[in-house]
Amino acid sequence: MAGNSRVAQALSGLFGSAERADCSIQFCLEAAEGADQGTDLGEPLPAHSLVLCLSCERFRAQFERWEEAPPASKRAKSSQEGVRGPVLRVPLGSEAELPAARLAIRFAYTGQVHASSIREAMQVYWVGEYLAIEGCAAACSQWLADRLAATEAAGTSSAEPAEPAVLQLYACEDMWPSTDPSFDAVLSAAKPQLLKQFSSTVVILNTPSLRQQLENLPAAGLAALLESDDLATDSEDSVLTLLAVWMEANWARTDAATRKRLCGLVRLTQLSFKATNCLLLPLALDFEAEGAQHQTGWFPVTVTAVQLVINYYSGNKAFRETTRKEQADAGAPGWHSTTARKQCVPEAGLPFPWSISRDALKAEVLMARGFAWQVSLIHKHGAAAAGLFLEANIPDAYKVPGSRLAGPVPMLAARIDARLTVNRRQSGRASIVSVYSYDREDNTRVGSGWGDEAALPLSPQQPAAPGAAAAGDVMAGLGEYAHDGSAVRGELILRPK
């Protein structure tokens, strides 16, 4: 049977009103040790005992105690004009909690959550729990779920806040309740949105704004990404590098158990042989040398464990299946799944622009396959052509001071599937020239360029004017490729392996 909507509306309208108020609520700071009461926060809030008793267990119990033994404060007059009756003092941890506390009382009157942000809704949730306001926690959880749903429905509208709602939620991880079925539904709704925000390792690693958002993500958010089959990537090598980027920014805020859990979500059997040798093995040596309490030992894996991974690659199908099952049954980190993640690189490829100027003849282009790739131009004065080369390097995130990856590393093999192009303008017409295609057959190595030393045929150079420098302009002869005479540009098109 539906209630009387007019009565409900009238009760809602009493919030904050002195009309028919017979008590008041005074928020205050928690009392210091030895003090009778804490400092008042704001003006008393006019209140109505009928509403408070029906909606709040804490206030109901307090009024019942007063009925048995009325305190002196019950006969006091509130500083709020026209309000007589008892003053209910509600201690808070800080003044910052005051807006949420008032909103929790407002919920007691209206049954609605009037939060202005994800964080404020979480604060209302906990004030509601603290005051035992019936239905407040569930209503806040529903408000959060509705906010997430509204964000998803809005898509990428420019009307969205600068920080997506799902990231606001994960930023409040320290406020999440541990046992509340209504909040579990919020987290279930949040995970798909988190994966939508961070859909691809390659996009994250090569988009500064997304990379910053990743670094701000708490451990629970990163774990949700790493454990999902829906995190798309070009290879598991980039998942390892993604973790290294996050760990570089967050190591000081993690403990050994958290690091072990996160690192255990990297699928070791899906790493390439090259990344295992170039990245994972040095990480294992760092861990064995320094231990989990030193930043260089951030990836807790032993050399023996890496040997087993390498051996796994070389074994036949039966050996691999047996080894994986044995390791998974033993709870060995990284062996929980042999399923390859979704491929994030379409068949047509992903283009990444590059630009080389006369001041810098190398250009960082992209992070892919676990490595940082750069294009370099080699132009010898007087030569008939200039060379273009692609070079793999250890990403900076791995170069923790003291790590084996921070100094010189062997020129081990590195692989990328990509096509290197350069923009050309000839006789007034623009074109794209394919310079080199890279695949598993190429001799790309860490710290060493590989490409075509005669990639860019040069225009004949004019004789130098009297008194001009003998070496000439580094862009001399590159007129067909140098935009505005200052930069050579092109694309590195990443292809699926």
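Each value in this text was obtained by applying a stated rule to the coordinates, not by laboratory testing. Every value quoted in this text rests on a predicted model; they were computed, and no experiment measured them. Counting neighbours? That spans all protein chains shown, and the Cβs are built from the backbone with ideal geometry, glycine included.
Annotations
- Computed from the Cβ-Cβ distance with R0 of 35 Å, the FRET efficiency linking Phe319 to Glu290 stands at 0.60.
- Of the trypsin sites (Lys or Arg not before Pro) found in region 172-255, not one falls in a DSSP loop while having at most 12 other beta-carbon atoms within 10 Å.
- Point-charge dipole on Cβ atoms (K/R +1, D/E -1) for the chain, about Cα centre, debye to 20: 1000
- Global size of the chain: 31.8, 108 Å for Rg and Dmax (C-alpha atoms, Rg to one decimal, Dmax whole).
- Percent of beta bridges antiparallel (DSSP, region 5-148, rounded to nearest 5): 50
- Scalar couplings 3J(HN,Hα) for region 260-268, obtained by applying the Karplus form with A = 6.51, B = -1.76, C = 1.60 to θ = phi - 60°, are 5, 5, 5, 5, x, 8, 6, 7, 4 Hz; x denotes Gly and Pro.
- Taking the inverse of the mean 1/r over every pair of distinct Cα atoms in region 151-301 gives a Kirkwood hydrodynamic radius of 16.5 Å.
- Antiparallel content of DSSP bridges confined to the chain, in %, to 5: 85
- Low-density loop cleavage sites - GluC sites (Glu not before Pro) in region 164-238, where at most 12 other Cβ are within 10 Å (DSSP): none
- Of the GluC sites (Glu not before Pro) in region 252-352, those whose Cβ has at most 12 other Cβ within 10 Å and which sit in DSSP loop: Glu347
- Computed from the C-beta positions of Ala383 and Thr258, the FRET efficiency with R₀ = 35 Å rounds to 0.05.
- The Stokes-Einstein estimate for region 350-494, based on a Kirkwood radius over Cα pairs and taken at 20 °C with 1.002 mPa s viscosity, is a diffusion coefficient of 131 µm²/s.
- Two-decimal Rg/Rh across region 241-373, once Rg and the Kirkwood Rh are taken from alpha-carbon atoms: 1.03
- Debye intensity ratio I(q)/I(0), log10, region 85-213, q values 0.09, 0.11 Å⁻¹ (C-alpha model): -0.30, -0.44
- Note on Lys362 and Lys497: their simple-model spin labels are 2.4 nm apart, each label 7 Å out from Cα toward Cβ.
- At R0 = 60 Å, FRET efficiency that the Cβ-Cβ distance of His114 and Asp396 yields, to 0.05: 0.85
- Here the Kirkwood formula, the inverse mean of 1/r across different C-alpha pairs, assigns region 5-148 a hydrodynamic radius of 15.6 Å.
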